[in-house]
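**Q** Structure below; questions to follow.
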Amino acid sequence: MPLPVTLPPTFAQRLAGARRAQVGMWVCSGSTTAAEICAGSGLDWLLIDGEHAPLSLASVQEQLRAVAAYPVTPVVRVSANDRVLIKQYLDLGAQNLLVPMVDTPEQAAEAVSATRYPPAGVRGVGSALSRGARWNRVEGYLARANEEHVSLTVQIESATAVANAEAIASTPGVDAVFIGPADLAASMGLIGQQTHPEVVAQVQQAVAAARAAGTRVGVNAFDPATAHGYLDQGVDFILVGADVAVLARQSEALAQRFIDERSGGAAAQERASY
């Protein structure tokens, strides 16, 4: 007889039981080794990015396998709010999805529908064929998946989305909202200025809207001072770095310390990590 399989708690369940903000980082390299190193760092969660990173479905699955041995919660960002793509990510074993560029409650409802089996949604049934249900070794997966085994976070990252933030956060089936200041800044005509006071004010407005809806809310913030400010404001989760950004900045620091400084060269220009 096959051993019974129990899936780990979802991101929504972890947030509900947390006594402090959940702190995480991006995994964008596509490297299973990098994913495993980050998983063992002591951080609470990882975001495996399928939107801006060159990840295939197979590579996402391998990264999920690499981090499964650690007590970290993986969230996977899909590239688009597409029901076919969402179905594939759920089937390969991504329990926790982040859907980008959600501007309206109607778009949020579409994302919810894509993660739910009928009659609550439109997710196709393939549990016997997929890692998501551990090939039907998770007892009662089909009956319990909608409420117990899948977590959906939608991303607010435009001025339009901020204006609709409370309605988006109130959409039934949305477990959390995540604010992306980079695209938000771009939508405001302030591209590359995530710490601009007007951008920060819009982020704070979205946080307040999610709070009013009773929905968990998180934000991306690589600048330490800004990140601490959002944490002090009481966000429920946050991303504070990325594997590729850490490697880029730290390799630059080595070059600066052991080449530029020893040769009397000028200090390198500090580069943004997001």
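**Q** As an exercise: evaluate GLU252 against (1) free of Cβ contacts under 8 Å to residues at least 60 places away in the same chain; (2) buried (at least 16 other Cβ atoms within 10 Å of the Cβ); (3) acidic (Asp, Glu) and give the number of the one condition it does not meet.
**A** The failed condition is (2).
**Q** Would you check if there is a residue in the stretch 113-125 being touching a strand residue (DSSP E or B) at 6+ places or on another chain (Cβ under 7 Å) and buried (at least 21 other Cβ atoms within 10 Å of the Cβ)?
**A** Residues of the stretch 113-125 touching a strand residue (DSSP E or B) at 6+ places or on another chain (Cβ under 7 Å): 115.
Those still in the list that are buried (at least 21 other Cβ atoms within 10 Å of the Cβ) too: 115.
The answer is yes; a qualifying residue exists.
**Q** Considering only residues of the stretch 196-251 that are of a type in the set (D, E, K, R) and in contact with a strand residue (DSSP E or B) (Cβ under 6 Å, 6 or more places away or on another chain), which is farthest from VAL154 (Cα to Cα)? I'd like the intermediate steps shown before the answer.
**A** Kept after step one, since they are of a type in the set (D, E, K, R), are these residues of the stretch 196-251: 198, 211, 216, 223, 232, 236, 243, 249.
Filter once more, keeping what is in contact with a strand residue (DSSP E or B) (Cβ under 6 Å, 6 or more places away or on another chain): 216, 236, 243.
Numbers: ARG216: 11, ASP236: 14, ASP243: 22 Å.
Checked the stretch 196-251; the qualifying residue farthest from VAL154 (Cα to Cα) is ASP243.
**Q** Same structure, new question: Would it be correct to say that ALA114 is in a loop (DSSP other than H, G, I, E, B), at negative phi and not polar (S, T, N, Q)? Full working, then the answer.
**A** Details: in a loop (DSSP other than H, G, I, E, B): no; at negative phi: yes; not polar (S, T, N, Q): yes.
No; evaluated as a whole, the condition is false for this residue.
**Q** I need a count of the residues in the stretch 1-31 that are closer than 19 Å to GLY50 by Cβ and of a type in the set (S, T, N, Q). Outline the logic, then answer.
**A** Restricting attention to the stretch 1-31, the residues satisfying the condition of being closer than 19 Å to GLY50 by Cβ are 10-11, 24-31.
Next, from what is left, pick out any that are of a type in the set (S, T, N, Q): 10, 29, 31.
Final tally of qualifying residues: 3.
**Q** For the list (1) touching a residue at least 60 places away in the same chain (Cβ under 8 Å); (2) more than 17 Å from ALA58 (Cβ to Cβ), I need the number of the one condition that GLY124 fails.
**A** Answer for GLY124: the failing condition is (1).
**Q** Just give me the residues in the stretch 117-159 being in a strand (DSSP E or B), under 24 Å from the mean Cα position of the chain (by Cα) and of a type outside the set (Gly, Ala, Ser), in sequence order.
**A** In the first step, residues of the stretch 117-159 are kept if they are in a strand (DSSP E or B); the result is 138, 151-156.
If we keep only those that are under 24 Å from the mean Cα position of the chain (by Cα) too, we end up with 151-156.
Once the filter is applied, which keeps residues that are in a strand (DSSP E or B), under 24 Å from the mean Cα position of the chain (by Cα) and of a type outside the set (Gly, Ala, Ser), the stretch 117-159 yields LEU152, THR153, VAL154, GLN155, ILE156.
**Q** How many residues are out of contact with any strand residue (DSSP E or B) (no Cβ under 9 Å at 6 or more places or on another chain), of a type in the set (A, V, I, L, M), surrounded by fewer than 22 Cβ atoms within 10 Å (Cβ to Cβ) and more than 21 Å from VAL122 (Cβ to Cβ) if we restrict to the stretch 143-187? So that I can check it myself, show each step before the final result.
**A** We begin by selecting, within the stretch 143-187, every residue out of contact with any strand residue (DSSP E or B) (no Cβ under 9 Å at 6 or more places or on another chain); these are 143, 146-148, 158-160, 163, 166-167, 170, 172, 185-187.
Still in the running and of a type in the set (A, V, I, L, M): 143, 159, 163, 167, 185-186.
This time we only want the ones that are surrounded by fewer than 22 Cβ atoms within 10 Å (Cβ to Cβ), so: 143, 159, 163, 167, 186.
From what's left, more than 21 Å from VAL122 (Cβ to Cβ): 159, 163, 167, 186.
Residues meeting the conditions: 4.
**Q** Name the residues in the stretch 61-96 that are under 14 Å from the mean Cα position of the chain (by Cα) and either over 20 Å from GLY124 (Cα atoms) or acidic (Asp, Glu) (or both), would you?
**A** LEU64, VAL72, THR73, PRO74, VAL75
**Q** Moving to a separate point now. Give the residues of the stretch 1-59 that are farther than 24 Å from GLY180 by Cα and among the hydrophobic types (A, V, I, L, M, F, W, C), sorted by residue number.
**A** MET1, LEU3, VAL5, LEU7, ILE37, ALA58
**Q** What number of residues within the stretch 195-213 are touching a residue at least 24 places away in the same chain (Cβ under 8 Å) and either touching a Leu at 6+ places or on another chain (Cβ under 8 Å) or closer than 28 Å to ALA109 by Cα (or both)? Quick ask: steps written out before the conclusion?
**A** Within the stretch 195-213, the subset touching a residue at least 24 places away in the same chain (Cβ under 8 Å) is 195, 200, 202-207, 209-210, 212-213.
Going one step further and asking which of them are either touching a Leu at 6+ places or on another chain (Cβ under 8 Å) or closer than 28 Å to ALA109 by Cα (or both), we end up with 200, 202-207, 209-210, 212-213.
So the count comes out to 11.
One line per residue, one yes/no per condition, for (1) in contact with a Cys (Cβ under 9 Å, 6 or more places away or on another chain); (2) among the hydrophobic types (A, V, I, L, M, F, W, C); (3) buried (at least 17 other Cβ atoms within 10 Å of the Cβ):
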position: GLY189; (1), (2), (3): no, no, no
position: HIS196; (1), (2), (3): no, no, no
position: VAL199; (1), (2), (3): no, yes, yes
position: GLN205; (1), (2), (3): no, no, no
position: ALA209; (1), (2), (3): no, yes, yes
position: THR215; (1), (2), (3): no, no, yes
position: VAL219; (1), (2), (3): no, yes, yes
position: ALA227; (1), (2), (3): no, yes, yes
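Where a number appears in this text, it was derived from the coordinates with a stated rule and is not lab data. Owing to the predicted nature of the structure, the values given are computational and were not obtained by experimental measurement. A quick note on method: Cβ atoms are made from the backbone with ideal geometry, for glycine too, and the neighbour counts reach across all protein chains shown.
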